[in-house]
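A short worksheet on the structure shown next.
Bear in mind these aren't lab numbers, they're just calculated from the coordinates by the rules spelled out. As the structure is a computational prediction, the values presented were derived from the model and not from experiment. Here the Cβ positions follow ideal geometry from the backbone for every residue, glycine too, while neighbour counts run over all protein chains shown.
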Amino acid sequence: MKKTVQELLLVENEQLNHDNFRLVLQSENELPPIFPGQFVNVEIKKATEIFLRRPFSILDVDPEKRQFSLLVKILGRGSKVLTTYQAGDKISVIYPLGNGFTMPKADEKVLLIGGGSGVAPMLYISKVCGLNLDQVHVLLGARSQNDHVDVSAYQSFGKFYFTTEDGSLGEKGFVTNHSIYKSELSTFDKIYTCGPNPMMKAVAKDAVAAGVFCEVSLENTMACGFGVCLCCVEKTTTGHKCVCTDGPVFNIKDLTWQI
Amino acid sequence: MADLSVKIKDLHFKNPVLTASGTCGFGQEIADFVDLSKLGGVVMKGTTLKHREGNDYPRMAETPSGMLNAVGLQNKGVDNFIKNIYPTIKDVDSNFIVNVNGSTIEDYIALAEQINELDKIPAIELNISCPNVKEGGMAFGVSCASAEAVVKAVRAVYTKPMIVKLSPNVTDIAEIAKAVEGEGADSVSLVNTFLGMAINPETRRPVLSTITGGLSGPAIKPIALRMVWQVAQAVKVPVVGMGGIMNAADAIEFMLAGATAIEVGTAIFIDPTIPLQIVDGINDYLERHNFSSVRDIIGSLQM
């Protein structure tokens, strides 16, 4: 898929909770196909001290409106400034970048595990994977109820489960403490996960033990996003691979994680 | 349209804008964004005799108006280059220049000999200035004696134009430039990155796995420009200028200071279409100032 640098129009910036925003961008042209797990690299010109672009995974795509949305969680200076952009602003974006998740077969049952901004690709998978509601199980973790975003728009695509560290929503603890995770992990055909590395490593370890296919989406820091700076490398069984072009989605059997 | 062509020795460049090594892969990585045949040249990712895995992650830190990198010459080696990459570039109408690296003089010689055999590689950029490798690299470029030794050895086996890429991490870059010119360099390119570092105060640890790395981007531009100006006055061979060039005005500054051609590096990470924007911008500048040729502005700094 051909990658482009485009000035896109920000048509909506909706605050979802205290540190999560949904930004909707619109292209003048027809959108290229964009798959769950792919990302965009966004220029944040409003702050001169932010030199490099910032990568964000894609939350949703509306080809008819030539729009896609990003889930922007405030993590540092770049994401913070990006959330101050307003409808009508132009934003330079390089996209679509990276490889998406391996989509499930029609008869498979999948578990999507998201944490932090890693929720975005999980929601997008749930919408476009083409499975029935009872085949798609989405497990989302956060510190507290206030940290979860409203996923009601996606609840017709799968069964949703929540964990919070303080027990304020769903089951108390991490995603790996959830009852469905503990009792049914081996019943899934595919597990997909995106979120903080400790969470993904814990999931990967259990997926290996259960013998279940598992793909993770990595967030290594990068400069370019299209495979020339070689800064975002991850060690794999076949040497260093760029997260931006060889990933960001990797099958855990190809990684060298000590799990 | 002004005449944008320049020459290094007998090698013709359709315009003075090249992409810098380590910022454009081997060309194909940016071909979605850029018609490579519209570039003056593509200086490809640093190549070594053998495969190199490069340094551990993390390799990058954003810094004020720039970035540090510590990639460490990750590449698949010259055999892979000849077998898998050379066929993808040999029919593209631009100057694809191999950036040649080694840990020892023997490595440089063996690599240069192999590249010399490739018809569609019109020149090499001899890198004696990589700050991110433990052996060789910058160590060759920080003293006149060691720089002379590498250049002399490669000159003996490499018959086409040889551009020597200099390190700014020296007391007097003009002395190094004169030394390599004396051993047969056809051109010098400068500057490679400045050795720098970044620390995460929260973890009290270095940001980079290698502790130190190479600083690039607009943060280094004024220093790079000063060095290009000094070197251009010290040597007779053409100078290729680089260091934080983000737009045509930056490129023109380097040419006024004496650069015959320029390389665009870190800017590509922000926007890979910048090199071609610079080509257009240089043309606009020449027309606006009634210069018929870009060669008229080289070293034309008014004092």
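Across segment A:93-122, what is the number of residues that are over 22 Å from A:Pro63 (Cα atoms) and among the small types (Gly, Ala, Ser)?
Number satisfying all stated conditions: 6.
For the condition surrounded by fewer than 20 Cβ atoms within 10 Å (Cβ to Cβ) and within 21 Å of A:His18 (Cα to Cα), what is the one hit in A:Gln145, A:Gln155?
Just a single option satisfies the conditions, and that option is A:Gln145.
Sort through B:Pro161, B:Pro168 and tell me the only one that's farther than 15 Å from B:Ala234 by Cβ and buried (at least 20 other Cβ atoms within 10 Å of the Cβ).
B:Pro161
Based on what the data block shows, is B:Ser209 hydroxyl-bearing (Ser, Thr, Tyr) and farther than 30 Å from B:Trp229 by Cβ?
Taking the combined requirement at face value, the residue satisfies it.
Out of (1) within 14 Å of chain A (Cβ to nearest Cβ); (2) of a type outside the set (A, V, I, L, M); (3) surrounded by 24 or more Cβ atoms within 10 Å (Cβ to Cβ), what's the single condition that is false for B:Asn200?
Unmet condition: (3).
Restricting to segment A:215-235, what's the tally of residues that are within 11 Å of chain B (Cβ to nearest Cβ), surrounded by fewer than 24 Cβ atoms within 10 Å (Cβ to Cβ) and closer than 26 Å to A:Lys190 by Cβ?
4
Give the residues of segment A:27-82 that are of a type in the set (Lys, Arg), within 28 Å of A:Glu215 (Cα to Cα) and touching an Asp or Glu at 6+ places or on another chain (Cβ under 8 Å), sorted by residue number.
Within segment A:27-82, A:Arg53, A:Lys73 qualify.
Can you tell me which residues in segment A:105-148 are within 17 Å of the chain's Cα centre (by Cα) and part of a loop (DSSP other than H, G, I, E, B)?
Within segment A:105-148, A:Cys129, A:His148 meet the criteria.
Pick out the one residue from A:Ser217, A:Ser152, A:Ser156 that is farther than 23 Å from B:Ala70 by Cβ, of a type in the set (Gly, Ala, Ser) and in contact (Cβ under 8 Å) with a residue 60 or more places away in the chain.
A:Ser217
Here are A:Lys127, A:Lys109: which of them is charged (D, E, K, R) and under 21 Å from A:Phe39 (Cα atoms)?
A:Lys127
Residues that are away from chain A (no Cβ under 14 Å) and more than 21 Å from A:Val42 (Cα to Cα): find the helices (runs of 4 or more DSSP H) completely inside segment B:214-282 holding 2 or more of those.
B:221-234, B:248-256
Can you go through A:Thr256, A:Thr164 and tell me which one is more than 14 Å from chain B (Cβ to nearest Cβ), over 28 Å from A:Val5 (Cβ atoms) and surrounded by fewer than 23 Cβ atoms within 10 Å (Cβ to Cβ)?
So the residue among A:Thr256, A:Thr164 that is more than 14 Å from chain B (Cβ to nearest Cβ), over 28 Å from A:Val5 (Cβ atoms) and surrounded by fewer than 23 Cβ atoms within 10 Å (Cβ to Cβ) is A:Thr164.
Whether any residue in segment B:284-294 is among the aliphatic types (A, V, I, L, M), over 30 Å from A:Gly227 (Cα atoms) and more than 14 Å from chain A (Cβ to nearest Cβ) is what I want to check.
Yes, that holds for at least one residue.
May I ask you to list the residues in segment A:151-171 that are in contact with a strand residue (DSSP E or B) (Cβ under 8 Å, 6 or more places away or on another chain) and part of a loop (DSSP other than H, G, I, E, B)?
A:Val151, A:Phe157, A:Gly158, A:Glu165, A:Asp166, A:Leu169, A:Gly170
Run B:Gly258 past the list (1) crowded, with 24+ Cβ neighbours inside 10 Å; (2) at positive phi; (3) in contact with a helix residue (DSSP H, G or I) (Cβ under 7 Å, 6 or more places away or on another chain) and report the number of the one that doesn't hold.
Result: B:Gly258 fails condition (1) only.
So which residues in segment B:212-267 are within 24 Å of B:Ile30 (Cα to Cα), among the β-branched types (Val, Ile, Thr) and touching a Ser or Thr at 6+ places or on another chain (Cβ under 7 Å)?
Once the filter is applied, which keeps residues that are within 24 Å of B:Ile30 (Cα to Cα), among the β-branched types (Val, Ile, Thr) and touching a Ser or Thr at 6+ places or on another chain (Cβ under 7 Å), segment B:212-267 yields B:Val240, B:Val264, B:Thr266.
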